[in-house]
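The values are calculated or read from the model by the stated rules, or taken from the named source; none is laboratory data. As the structure is a computational prediction, the values presented were derived from the model and not from experiment. Heads up, the Cβs are rebuilt from the backbone with ideal geometry, glycines too, and the neighbour counts pull from every protein chain shown.
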Amino acid sequence: MVKQPYTNLVIEYASPQDLNDSVDVPFALHNNSFVPKWIKKVLQAQELYPIDDPKRFYGFGSQESQKADAVNRINNCIDVINSHQQIVERKLTTVTDQDTLNYLHHIFEVYHGLLDNQTHEFYISAPQQVKTALADLNLLVHRCESVSRGAYPRHVTTWFGLPKIDQLDDSDYRYFTDNYRFGTVYLNYVEIGKTLEDLAQDNDQYIADEAFKPFRHYSADFNVRFYNILPLKHQYKQKQMFHYYQQHRGFFDNLGLSQGHNYLLPGSIPLATIINPRDFEQIESRLYVKSVTFE
């Protein structure tokens, strides 16, 4: 058992139209050796930065409205980027066009740069709104992928300004799981690139070798998933990863990553679980994270 000063994570959800219409939803913190390290990062982030996008929710609303919104957002983002210099040669017509999404993610990797490595001339010379659009391009690619893969309800809470300097210990990987459970809070992936899990799902023909980024760094960022992954979907994903690894075994062997290595594990670390699942009924109409506290 791990001694920690807090028992619960409390997320205050509010209506975007009326922030006074809010509800506190408690999540029981998991009692493992990683959770205190994550709590420390959240408290540090809160001293320095506001939440980046309190309305970063996925999987709520009709499928059609989500599809249309995702396509519209990413194409508007491309217009902002191209207003500085025409570097994006394709637009998206449907969220199921994974090849174009892979292409757009590659644009982000090249022109934005990987984690804490923004050195491309385009990025350096771009005005702030274009730099923001480049960062948003990554998020919007993942929004489109989320919608196309079933639009399972979740939300993501981040503090991008917090430097990503902390790395997981080898012992932390024992908590990793991709068997996602309803109402569970998970550590968010903060690398810029793709894991083995991502590569296997995306069948990415554009990604550069250096953009393979195992889940190593962590920050305060987290996501909350409001669904249970279906057993057949979970099994299919495991098979995808196995076959992708076998097809690219030379690449992973050169990195010293045998199958089953910590850096190839799918999923993330669960941090807390909703105490009363019926609170989800209150969250559905309050898609805005107003505050995050511990008690």
For this session: Report the residue count in the stretch 258-275 for those that are touching a residue at least 40 places away in the same chain (Cβ under 8 Å) and in a loop (DSSP other than H, G, I, E, B).
Result: 5
For this session: Please enumerate the residues belonging to the stretch 209-257 that are out of contact with any helix residue (DSSP H, G or I) (no Cβ under 7 Å at 6 or more places or on another chain), farther than 30 Å from LEU43 by Cβ and either in a loop (DSSP other than H, G, I, E, B) or hydroxyl-bearing (Ser, Thr, Tyr) (or both).
Result: ASN228, ILE229, LEU230, TYR236, HIS248, LEU255, GLY256
Problem set entry | Selection from the stretch 182-193 of residues that are part of a loop (DSSP other than H, G, I, E, B) and under 29 Å from ILE275 (Cβ atoms) | PHE182, GLY183, ASN188, TYR189, VAL190
For this session: Inspect all residues belonging to the stretch 106-114 and state whether any of them is loosely packed, with under 15 Cβ neighbours inside 10 Å, of a type in the set (A, V, I, L, M) and assigned to a helix (DSSP H, G or I).
Result: no
Exercise. Would you pick out the residues in the stretch 217-237 that are farther than 20 Å from ARG154 by Cβ and crowded, with 17+ Cβ neighbours inside 10 Å?
Worked result: HIS217
Exercise. In this structure, does THR100 turn out to be modelled with pLDDT of 95 or more, assigned to a helix (DSSP H, G or I) and outside the structural domain of SER291 (by TED's automatic domain parsing)?
Worked result: yes
For this session: Within the stretch 195-237, count every residue that is of a type outside the set (A, V, I, L, M, F, W, C), at pLDDT below 90 and in contact with a strand residue (DSSP E or B) (Cβ under 8 Å, 6 or more places away or on another chain).
Result: 2
Exercise. Restricting to the stretch 147-181, what's the tally of residues that are in a loop (DSSP other than H, G, I, E, B), under 15 Å from the mean Cα position of the chain (by Cα) and among the basic types (Lys, Arg)?
Worked result: 2
